[in-house]
Amino acid sequence: MTMLLYNTLTRQKEELRPIHPKWVGLYTCGPTVYHYAHIGNLRTYLFEDVLRRTLEYVGYTVKHVMNITDVGHLTSDADTGEDKLEKGANREGKTVWDVAQFYTNAFLKDIELLNIKRAETLAPATEYISQQIDLIKKLFETGHAYETTQAVYFDVSTFPEYTKLSRQKLSEKKTGVRDEVVEDPEKKHPADFALWFKRVGKFADHIMHWPSPWGDGFPGWHIECSAISSALLGQPFDIHTGGVDHIGVHHTNEIAQSEAAYGKPLATIWMHGEFLLTDEEKMAKSGENFLTLQTLIHKGVDPISYRYFILMAHYRTKLTFSWEALQAAQSGLDKLRDFVRKLQKVPAGMAGESTELNETRKRFTDAMSDDLNTPEALSVVWELVHTYHQRPSAFLANKILNLLYEFDDVLGLRLRDLCEEPIPREIAELAEKREAHRKEKNWNQADEIRKKIEDAGYELDDTNAGPFIRKK
Ligand SMILES: [Zn+2]
């Protein structure tokens, strides 16, 4: 099975060639747990979930690691402003630890509602402080780090490939950074970024702090992903993902730290999910008004409809959010669910061997193996619905239902869970017996059996596709 994935590093689709024969290492940047996730963040986690499910579908075992940022992420990704966790704690009058716990739980609830599989390892940054300190020590040993009175920095001038992921010019980057307040006059280059903040100056009262060779303090944001990913997956590992907003700063810095320290790549393939736009703007959490999954739920939106809405667009295209578009997705999903419910009521046991849908399965797999083409995969799903409506039969109903369940291992629309209650085996067997009598035109026996089914609390409809049973 050839799996093509778009690698931001090379700007082209590449075949996945796992480093280890038995498993694929996947690292996904996790949430900063100082507030609820906005639905734009959730789009990225959905893309990553579809990636993981597709890898599993085509037969790989995936080792999935996600960090939880519970320290060190300042309000600007470029090391300025206040610590987001302390900001959250001040806003809510709680401790930083309580804020981290509360929003970690909120995040886990969100991903459960969206049917996103949880990473095997969720790694809070605060539990990997010693690994981060070790990596910074290594950067000193290899001549890539320096210390000022306020912090420890990565020296970008020592790593010529610094902008290879973003392909920005360092001079453009300088200008960007210069717009912000220069907070450390001892910094050598404006693009140098913090590896460790000391508990001095504006961070003198920072609540979370650990001892280090450079004094008490706390790690910068980027170092946690470098340290955690290589500690748990090795270096290099196969796939590193995040949102496109990670390309210019966060992932650029991760690459610089890890590759400068060890002289080998951090990850083979770098994948990035595009923005969700509202009113033509990127959805950012900087303002206090942002859409969360709970906002959608309060407006009557089923979280799985939001998942379906996201699947309708390719992960590398910008997607504009609107209530109308979400509504359209919801009604599409409702139609699909009605179809599945209908098929679920066809008694099981009528399926036989047939190769007729193998071509459909192949097209679905091809679409997903071609850089996760979810819009194409959904169109294969709708072709199945169409095929059935053209030639309804109990045989086809069972075949199609099983194939839809199989596809749903990738799409995650919870189609298997739809039937409120499965039809009991004895009722299904009665229906099969009755169907045999009908074919023999033994109407009396057929009616007797219908009465038995009804007495047991079920209704039976004869359709072109055979009998449909439902609970009264
Ligand atoms: Zn990260």
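The values are calculated or read from the model by the stated rules, or taken from the named source; none is laboratory data. As the structure is a prediction and not an experimental result, all values here were calculated from the model. Virtual Cβ from ideal backbone geometry, glycine too; neighbours counted across all protein chains shown.
See the values below:
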read-out	value
Scan of the range 48-65 for residues that are among the acidic types (Asp, Glu) and either surrounded by fewer than 20 Cβ atoms within 10 Å (Cβ to Cβ) or part of a strand (DSSP E or B) (or both), ordered by number	GLU56
Sole residue being within 16 Å of the ligand (Cβ to nearest atom) and under 13 Å from the mean Cα position of the chain (by Cα), chosen from THR69, THR28	THR28
Some residue of the range 31-46 being within 15 Å of the ligand (Cβ to nearest atom), outside the structural domain of TYR306 (by TED's automatic domain parsing), within 14 Å of GLY243 (Cα to Cα) and in a strand (DSSP E or B)	yes
The range 217-253: number of residues that are charged (D, E, K, R) and over 24 Å from GLU14 (Cβ atoms)	1
Residue within the range 246-268 that is among the charged types (D, E, K, R), part of a loop (DSSP other than H, G, I, E, B), modelled with pLDDT of 95 or more and within 17 Å of LYS138 (Cβ to Cβ) present	yes
Hits in the range 92-137 (condition: on the phi > 0 side of the Ramachandran plot and free of Cβ contacts under 8 Å to residues at least 40 places away in the same chain)	GLY93
Odd one out for GLU254, checked against (1) within 11 Å of the ligand (Cβ to nearest atom); (2) among the acidic types (Asp, Glu); (3) more than 26 Å from the chain's Cα centre (by Cα)	(3)
Exclusive hit being in contact with a Phe, Trp or Tyr (Cβ under 9 Å, 6 or more places away or on another chain), modelled with pLDDT under 95 and buried (at least 20 other Cβ atoms within 10 Å of the Cβ), set MET208, MET271	MET208
Filtered residues of the range 217-267 (kept if buried (at least 20 other Cβ atoms within 10 Å of the Cβ) and among the hydroxyl-bearing types (Ser, Thr, Tyr))	SER226, SER229, SER230, THR241, THR252, SER258
Total residues in the range 203-219, condition in contact with a His (Cβ under 9 Å, 6 or more places away or on another chain) and either within 15 Å of the ligand (Cβ to nearest atom) or farther than 20 Å from VAL96 by Cβ (or both)	0
